[in-house]
Amino acid sequence: MDVLPVSASISIIVASAALAAMPSGGTTTLIWTGDGDGVSVADEANWSGTPDGGVIDLSSITEILVIDDALAMVGGPTGSATLNFSGEGGLVVHAGTLTRSGSNQAIENGFLLMAGGTVKRQWISRCSVRLEGTGRVELSGGNDPLPNGTVIDLGSMRAGVDFLNETPGDVVVEHLAKFSVNGSAPIVGKNILLETFNGGLGCSLSILPDICPADLNGDLSVNGADLGILLGAFGTASEQADVDGNGTVDGADLGLMLGAWGACPTGPDVPDCGSPKHCEILYPDLP
């Protein structure tokens, strides 16, 4: 079996996501160099290219800002307030860190596309987010760190969101509906993994590989509880109970469940290649 190197696989994933997420047209693109003060978003000398109007206006960033330097620490004490995008502006992160040094630091409007690196903010508001590769978002805000129409699509098992001050219960009630997994609805225990984080004060959200599709309640065993869920949804289009993914819960799903009865297989059978769909692309010979 020929396996693409990690860098190649990430490039493929990023390219497809970028085509969907980045606007077309004459939007100015600025790439981080750190040649100015080395930290401030607002210091135009830190970016290659010329910003619109000659300055970067943090209250209305119309440019696409690209961070692709593993050593970059963007933000810090200078120019680290809320990044408010407008028009077709947005943030693309391949590597490096967008830091957080105080309160009231957010990303608002626009889009965030990540293939790597870390973005640390208090909240993200009115923003379309796509996480690929090893991209991670760390949110320090409590109560509602993802307000006002923010949507986040997860595309890799190595990407995720860390909530410093939101418990798993908080996330399920307040935020889960804002997430998708490669466009599909998030189901905790089915395709979403929630783990405690930050000493139990917060939690981490990432993709759970669907290694056991007949395990409908996510307890790593196919048993009577799953059968009850399937029978209760029989004849419907329930995504949770549709084992074979054909759009209908029917006898085929029941047959697959009975054939998988018992303990689920474990993680080592699933390669660390991204989402289940990306595994199919990169490892077509995998059973």
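Remark: segment 129-144, residue by residue, has Karplus-estimated 3J(HN,Hα) of 10, 10, 10, 10, x, 10, x, 9, 10, 10, 10, 9, x, x, 6, 8 Hz, where x stands for each Gly or Pro and the curve is 6.51 cos²θ - 1.76 cosθ + 1.60 at θ = phi - 60°.
Please rank CYS127, CYS212, fewest neighbouring Cβ atoms within 10 Å first, as an exposure proxy.
CYS212, CYS127
Per-peptide packing, taken as the mean over residues of other Cβ atoms within 10 Å, places 59-71, 108-120, 129-141, 246-258 in the sequence 129-141, 108-120, 59-71, 246-258 from highest down.
Each principal axis of segment 221-264 carries a Cα extent, and these read 26, 16, 14 Å when sorted largest first. A simple count of charges around THR29, restricted to other residues whose Cβ falls under 13 Å of its Cβ and scoring Lys, Arg +1 and Asp, Glu -1, yields -4. Quick check: net charge around LEU231, other residues with Cβ under 13 Å of its Cβ, Lys/Arg +1 and Asp/Glu -1? Neighbour charge sum, excluding LEU231 itself: -3. Stretching the chain fully between THR196 and PHE234 yields a gain of 10.3 nm (0.36 nm per residue, less the alpha carbon separation).
The orientation-averaged shadow of the Cα convex hull for segment 6-207, equal to a quarter of the hull surface, comes to 10.8 nm². Label point of THR82 set 7 angstrom out along Cα-Cβ; within segment 105-142, amide nitrogens under 20 Å from it belong to 105-113, 119-129, 138-142.
Read-outs throughout are calculated quantities, based only on the coordinates presented, and are distinct from any laboratory measurement. Everything quoted here is computed from the prediction, not taken from an experiment. So basically every Cβ, Gly included, is an ideal-geometry build from the backbone, and we count neighbours across all protein chains shown.
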